[in-house]
Amino acid sequence: MILSEISIRRPVLATVLSLLIVLLGAISFDRLSVREYPKIDPPVVSVRTIYKGATAQVVESVITTPIEDVLSGIEGINTIKSKSKEEVSEITVTFLTDRDVEAAANDVRDRVSRIQTLLPETADDPVVSKIEADAWPVMWLALKSDRHTPMELTDYADRYLTDPLKTLPGVATVIIGGERRYAMRVWIDREKLAARGLTIQDVEVALRQQNLDSPGGRIESNDRELTVMTETDLKSPEAFNNMIIREVSGYPIRIRDVGHATPAPYENRKVVRISGEEALGLGIVKQSTGNTLALAQAVRDVLPQLIAGLPDGMSMKVAFDTSEFISAAIESVYKVLIEALILVVLVIFVFLRSVRATLIPIVTIPISLIGSFFFLYVLGFSINVLTLLGIVLSVGLVVDDAIVM
């Protein structure tokens, strides 16, 4: 009642406070992130290990099971789920909601490091990472060409497309789906290899020893210092074909004697198709605090510039955009909110038959609703379907208070 008495006695002060509430709410509304649902990041940590060439059974026995056993003793674990497939072991550890995700991730790293020496030497080091709800692309761009190979598309996207997209506000990273990175494949004729008394392991050892980029050090004297650059890595198919595998009876056996080397993709196991045609996908991953709608609009704004710089034969378009669904959901809630305001005003006017009594809710409802965005911003909430639903439900309370006052 004290606030009501002050507002009646000092109408100018009440007007200034109302304008201040509207100003703070409008500024906060512009800075709030827009999502479809509230941000929920449960404490989940994943352990991913790659073991090239291993079957699912081998991955489970020598990698997944030992890591599961050592993780089971960590405090606060809710569930442990594992998936062993060809060459990949994935373990997902879900902790209780009151567990700090940073501390949980550190505990998992500590336990995994204890048994890392027991894992196969040829397996990659386990990668421990936190799983965030927003660590997924919110938009996919399709890059296609009828003149360029998938390797050329990947190289162009990595050089000229990912960096401009990463600099956009709200972008965490850009992933390339269906990429075909340049590599050198060595095709071996097993009959020729066996005829010379060699094995695949001999070829692998020779490649590891001769195809490397090692520092050359430096040469120092009293007057000058020279940096030595050694070019020991192989860069062309001819260099690979001329590489000596081993000497047999004083005769050098080269790769061209048992096979040949040719440029080819590093991996052919992942394919992206758009409308039935093979393409390259650029996934835009937003930051946890980013605005999905603003991010999607920024990508669409810069897209014409990127398309204008594409080589002849390349084309790029938006293949998938989650902001369209979010925008539709938010707009539907806004529509319901406006309809509720109109119905409230009509009901008040019909039953009270007073223009003054009708004007009071017309003024107080927008001020109250706009001012609520300030508290959403201060408390760290976002604009989503649930928060807007709460605002719609609060219209009734605001109307009741406005009529009583």
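Hey, fewest Cβ within 10 Å first, where do ASP125, ASP312, ASP155 land in order? It would help to have the intermediate numbers written out before the result.
Numbers: ASP125 11, ASP312 7, ASP155 16.
If I rank by nearby Cβ atoms, fewest first, I get ASP312, ASP125, ASP155.
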Options ILE200, PHE373, VAL347, ranked by Cα towards positive dipole end of the chain, top entry (Cβ charges): VAL347
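Give LYS85/LYS317; LYS39/LYS286; LYS83/LYS317; LYS52/LYS83; LYS166/LYS335 a once-over and call out the pairs whose C-alpha atoms are over 24 Å from each other.
Details: LYS85/LYS317 33 Å; LYS39/LYS286 13 Å; LYS83/LYS317 35 Å; LYS52/LYS83 16 Å; LYS166/LYS335 34 Å.
Over 24 Å apart, Cα to Cα: LYS85/LYS317; LYS83/LYS317; LYS166/LYS335.
How big is the dipole moment of segment 44-130 about its Cα centre under a simple scheme where the beta carbon of each Lys and Arg is +1, that of each Asp and Glu is -1, and everything else is neutral? Debye, nearest 20, please.
The calculation lands at about 140 debye.
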Separation of alpha-carbon centers, segment 220-252 and segment 313-343, rounded to whole Å: 60
Kirkwood Rh in Å, taken over segment 21-66 so that all alpha-carbon pairs contribute: 15.5
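Based on the mean of other beta carbon atoms within 10 Å per residue, what is the order of 103-114, 207-218, most packed first?
Details: 103-114: 16.8, 207-218: 11.3.
Top to bottom by mean Cβ count within 10 Å: 103-114, 207-218.
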Dipole moment magnitude, nearest 20 debye, the chain about Cα centre, only Lys, Arg, Asp, Glu C-beta charged: 900
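Wrap a convex hull around the Cα atoms of segment 1-135, take a quarter of its surface area, and give that in square nanometres. It would help to have the intermediate numbers written out before the result.
On the way: hull surface 51.7 nm².
That works out to 12.9 nm².
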Helical mean residue ellipticity (222 nm; -39500 (n - 2.57) per DSSP H run of 4+; nearest 500) of the chain: -14000 deg cm²/dmol
Debye log10 I(q)/I(0) for the chain, one point scatterer per Cα, at q = 0.10, 0.11, 0.12 Å⁻¹: -0.98, -1.10, -1.20
Eligible aspartates and glutamates near LYS81 by straight Cα distance, threshold 15 Å, same-chain separation 8 or greater: GLU60, GLU68, ASP69, GLU90
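We did not get these values from a lab; they are worked out from the coordinates using the rules stated. Computed from a prediction, not measured in an experiment: that's the story for all the values here. Quick reminder, even Gly has a Cβ in these numbers, built from the backbone with ideal geometry, and neighbours come from all protein chains shown.
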